[in-house]
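Here is the structure we will look at.
The values are calculated or read from the model by the stated rules, or taken from the named source; none is laboratory data. Since this is a predicted model, take the numbers as computed values, not measurements. Cβ placement follows ideal geometry from the backbone for every residue including glycine, while neighbour counts extend to all protein chains displayed.
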Amino acid sequence: MKYALVTGAASGIGIAISRVLARKGYGIVMVSSSQKHLMQAKKNMAKRFPKTKVYTIKEDLSRKNSAQELYNKVKEMGVIIDILVNNAGKGLIGATEKIDINSDEELLYLNMVTPTLLCKLFLKDMYKRKRGSILNVASTAAFQPGPYNSTYFASKAYLYSYSRAIRHEAAKHGVHVCTLCPGTTDTKFFEKEGIKTPAWAMSAVKVAEYAIDGLCKNKAVIIPGKTNKLFRVIPSEIKLIAISLLKKPGK
Ligand SMILES: NC(=O)c1ccc[n+]([C@@H]2O[C@H](COP(=O)([O-])OP(=O)(O)OC[C@H]3O[C@@H](n4cnc5c(N)ncnc54)[C@H](OP(=O)(O)O)[C@@H]3O)[C@@H](O)[C@H]2O)c1
């Protein structure tokens, strides 16, 4: 059986991607920071896909050594990862001087450092086997700066750039690296940021279908939906002003 490792697999886009991959016959290694969330997600997967092999790993990916720890746990399990999905992420809204410094540091680890280190660790094994795929979940936030959501937007711009760069290196080794840039998606993401999910949000199921279709076609950048594709080409200065007005605390 081939296996996919999905970070942030307990909810939202991560669980939706896990389901699409299970439907395609992959065993799933689900990773999240909460044992409770993982148990719920595993139960849910077992109901829908009774034949799918599901492993869970509890790992807080916002900590310094978490990428290496996760990699070691996968090695100990003896599972070979064919698809790595770097999906776990979080956002923080507010003026930069008001956001707690430790919370911002955790965001930078979770959204940038850990996915980078996981790519580096798993790519080496994929290069040896001359096969494998990585899907890095960035965002349409990668396409312009985001005032009052500054570290989140910057972290996604970083992941977008890193992911596209290593794609070129990996191609020589028979390994695919794709970058997913969802727009507003209906998950717990906004609730966790302390705001309402916008009414126009796309469903996580739809985003996951676009994502795995794009991964199977080895698309460099996967942007779900026409509106999000259009958003990419609006001049960055215009988007920056609009985002500043939209995200300013008290709005
Ligand atoms: N929703 C959107 O509008 C949107 C748009 C573009 C891109 N994205 C990106 O899509 C990805 C998934 O987000 P989502 O919308 O599906 O939000 P979500 O429902 O909040 O899912 C986030 C996932 O990440 C996990 N996670 C959070 N902190 C973690 C940590 N420290 N260690 C390990 N896992 C952690 C969560 O599980 P636990 O809490 O159990 O750890 C959860 O499964 C993120 O990278 C996000 O930036 C979202």
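Yes/no per residue for (1) assigned to a helix (DSSP H, G or I); (2) free of Cβ contacts under 8 Å to residues at least 12 places away in the same chain; (3) farther than 21 Å from Ala88 by Cα; (4) among the acidic types (Asp, Glu):
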{"site": "Pro147", "(1), (2), (3), (4)": "no, no, yes, no"}
{"site": "Lys156", "(1), (2), (3), (4)": "yes, no, no, no"}
{"site": "Val205", "(1), (2), (3), (4)": "yes, no, no, no"}
{"site": "Phe231", "(1), (2), (3), (4)": "yes, no, yes, no"}
Go through Val207, Val137 for me and flag whichever is within 21 Å of Leu108 (Cβ to Cβ), modelled with pLDDT of 95 or more and not hydroxyl-bearing (Ser, Thr, Tyr). Val137
Going residue by residue through the stretch 79-92, is there one that turns out to be surrounded by fewer than 16 Cβ atoms within 10 Å (Cβ to Cβ) and farther than 20 Å from Val177 by Cα? no
Long-range neighbours under 6 Å by Cβ, at least six apart or interchain, first residue of a type in the set (Ser, Thr, Tyr) within the stretch 116-128, second surrounded by fewer than 18 Cβ atoms within 10 Å (Cβ to Cβ): Tyr127/His173
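Among the helices (runs of 4 or more DSSP H) confined wholly to the stretch 1-103, which include 2 or more residues that are out of contact with any Pro (no Cβ under 9 Å at 6 or more places or on another chain) and farther than 26 Å from Tyr210 by Cβ?
On the way: elements: 12-23, 35-48, 66-77.
Where helices (runs of 4 or more DSSP H) fall fully within the stretch 1-103 and carry at least 2 residues being out of contact with any Pro (no Cβ under 9 Å at 6 or more places or on another chain) and farther than 26 Å from Tyr210 by Cβ, they are 35-48, 66-77.
Among the residues in the stretch 173-180, are any in a helix (DSSP H, G or I) and either free of Cβ contacts under 8 Å to residues at least 24 places away in the same chain or within 12 Å of the ligand (Cβ to nearest atom) (or both)?
Step one: list which residues in the stretch 173-180 are in a helix (DSSP H, G or I), which gives none.
No, that holds for no residue.
Quick check on my filter: what residues within the stretch 118-132 are under 14 Å from Ser163 (Cβ atoms) and among the charged types (D, E, K, R)? Lay out the reasoning, then the answer.
We begin by selecting, within the stretch 118-132, every residue under 14 Å from Ser163 (Cβ atoms); these are 118-120, 122-123.
The answer is Lys120, and nothing else.
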Hits in the stretch 207-229 - residues which are assigned to a loop (DSSP other than H, G, I, E, B), small (Gly, Ala, Ser) and within 12 Å of the ligand (Cβ to nearest atom): Gly225
State the number of residues belonging to the stretch 181-196 that are in a loop (DSSP other than H, G, I, E, B) and within 8 Å of the ligand (Cβ to nearest atom). 6
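State yes or no: is Ser236 at pLDDT below 95, within 23 Å of Thr96 (Cα to Cα) and either near the ligand (Cβ under 10 Å from one of its atoms) or surrounded by fewer than 15 Cβ atoms within 10 Å (Cβ to Cβ) (or both)?
Working: at pLDDT below 95: yes; within 23 Å of Thr96 (Cα to Cα): yes; either near the ligand (Cβ under 10 Å from one of its atoms) or surrounded by fewer than 15 Cβ atoms within 10 Å (Cβ to Cβ) (or both): yes.
Yes.
Identify the residue in the stretch 104-145 that is outside any helix (DSSP H, G or I) and within 16 Å of the chain's Cα centre (by Cα) and, among all such residues, is surrounded by the fewest Cβ atoms within 10 Å (Cβ to Cβ).
Let us first name the residues in the stretch 104-145 that are outside any helix (DSSP H, G or I), namely 130-139, 144-145.
So of that shortlist, the ones also within 16 Å of the chain's Cα centre (by Cα) come out as 133-139.
Details: Ser133: 19, Ile134: 26, Leu135: 24, Asn136: 25, Val137: 27, Ala138: 28, Ser139: 26.
Filtering first and then ranking leaves Ser133.
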Looking only at the stretch 53-84, how many residues end up being among the basic types (Lys, Arg), within 14 Å of the ligand (Cβ to nearest atom) and touching a strand residue (DSSP E or B) at 6+ places or on another chain (Cβ under 8 Å)? 2
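Checking the conditions here, which among Ala16, Ala4, Ala41, Ala10 is without any contact (Cβ under 8 Å) to a residue 40 or more places away in the chain, under 15 Å from the mean Cα position of the chain (by Cα) and either crowded, with 19+ Cβ neighbours inside 10 Å or more than 25 Å from Leu117 (Cβ to Cβ) (or both)?
Result: Ala10 is the single residue among Ala16, Ala4, Ala41, Ala10 that is without any contact (Cβ under 8 Å) to a residue 40 or more places away in the chain, under 15 Å from the mean Cα position of the chain (by Cα) and either crowded, with 19+ Cβ neighbours inside 10 Å or more than 25 Å from Leu117 (Cβ to Cβ) (or both).
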Looking at Ser11, Ser33 in this structure, which one is near the ligand (Cβ under 9 Å from one of its atoms), hydroxyl-bearing (Ser, Thr, Tyr) and in contact with a Leu (Cβ under 9 Å, 6 or more places away or on another chain)? Ser33
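If you check Lys90 against the conditions, is it of a type in the set (D, E, K, R) and either more than 10 Å from the ligand (Cβ to nearest atom) or free of Cβ contacts under 8 Å to residues at least 60 places away in the same chain (or both)?
Working: of a type in the set (D, E, K, R): yes; either more than 10 Å from the ligand (Cβ to nearest atom) or free of Cβ contacts under 8 Å to residues at least 60 places away in the same chain (or both): no.
No: the conditions fail for Lys90.
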